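See below for the structure under consideration.
The values are calculated or read from the model by the stated rules, or taken from the named source; none is laboratory data. Not measured: the values here are computed from a predicted model. Positions of Cβ are generated from backbone atoms using ideal geometry, with glycine treated the same way; all protein chains shown enter the neighbour counts. Accessible surface areas use protein heavy atoms only, side chains included; no ligands, DNA or RNA. Shrake-Rupley method; radii C 1.70, N 1.55, O 1.52, S 1.80 Å.
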Amino acid sequence: METSVDAVVSYVDRAVDQMAAIVTELGDDLANRKPELAGSNSPYAILRHCLGVMEFWGGQVVAGRNITRDRDAEFRAHGPVAGLTAATADAKRRFRADAATAEFAAPPRRRTHHSKGPDELEFTSQGHALLHVLEEVTQHLGQMELTRDVLRATAVGTGRS
């Protein structure tokens, strides 16, 4: 069985759409709040990070554009949900366009990454890079679903829902 670029992009879109729905449902206050757990992130920051993942791996590794990314800032990001959902729609369009340039078995067009060496699995091929985006957004969707549940439970317990 062969994996198609369109299949990967469709699953990425679905996961990102679900994350955008969660931050929209939570609203500006809860979407920007972190659970009282060490190392936790707000739903807003989780989605912003996923947009950075899509931009870097789709834009740089697959499409070959030079991407300047501040990964740490993604996890500090906060702001109005409406702006993030607009950025999400833009990121999805860009990712689809970047992925459309992919040659699934071809080597990456650019291999530079702040913490991964050129021999990492994600750099095996452009297809591997696209699958890494899928891996990241689906894992972070699960993280966001749990974060949402904790935030809601905390908000109900404190009367801040």
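Being free of Cβ contacts under 8 Å to residues at least 40 places away in the same chain, open to solvent by 40 Å² or more (accessible area, probe 1.4 Å) and more than 30 Å from Gly127 (Cβ to Cβ) is the requirement here; does Ala105 meet it? For Ala105, the condition - free of Cβ contacts under 8 Å to residues at least 40 places away in the same chain, open to solvent by 40 Å² or more (accessible area, probe 1.4 Å) and more than 30 Å from Gly127 (Cβ to Cβ) - is not met. Listed by first and then second residue, the pairs linking a residue in the stretch 126-153 that is among the aliphatic types (A, V, I, L, M) to a residue that is open to solvent by 60 Å² or more (accessible area, probe 1.4 Å), with Cβ atoms under 7 Å apart and 6 or more places separating them unless they lie on different chains, are Leu134/Tyr11; Leu141/Gln18. Here Asp17 clears all of (1) outside any helix (DSSP H, G or I); (2) within 21 Å of Val81 (Cα to Cα); (3) not β-branched (Val, Ile, Thr) except the condition numbered (1). Just to verify a result, which residue in the stretch 37-50, among those that are open to solvent by 10 Å² or more (accessible area, probe 1.4 Å) and in contact with a helix residue (DSSP H, G or I) (Cβ under 8 Å, 6 or more places away or on another chain), is farthest from Asp13 (Cα to Cα)? Residue satisfying both the conditions and the ranking: Leu37. Checking the condition over 17 Å from Glu55 (Cβ atoms) and at pLDDT 95 or above, which residue from Asp119, Asp149, Asp90, Asp98 passes? That would be Asp149, the only listed residue that is over 17 Å from Glu55 (Cβ atoms) and at pLDDT 95 or above.
Exactly one residue among Asp29, Asp98, Asp90 is at negative phi, open to solvent by less than 60 Å² (accessible area, probe 1.4 Å) and among the acidic types (Asp, Glu), and that residue is Asp98.
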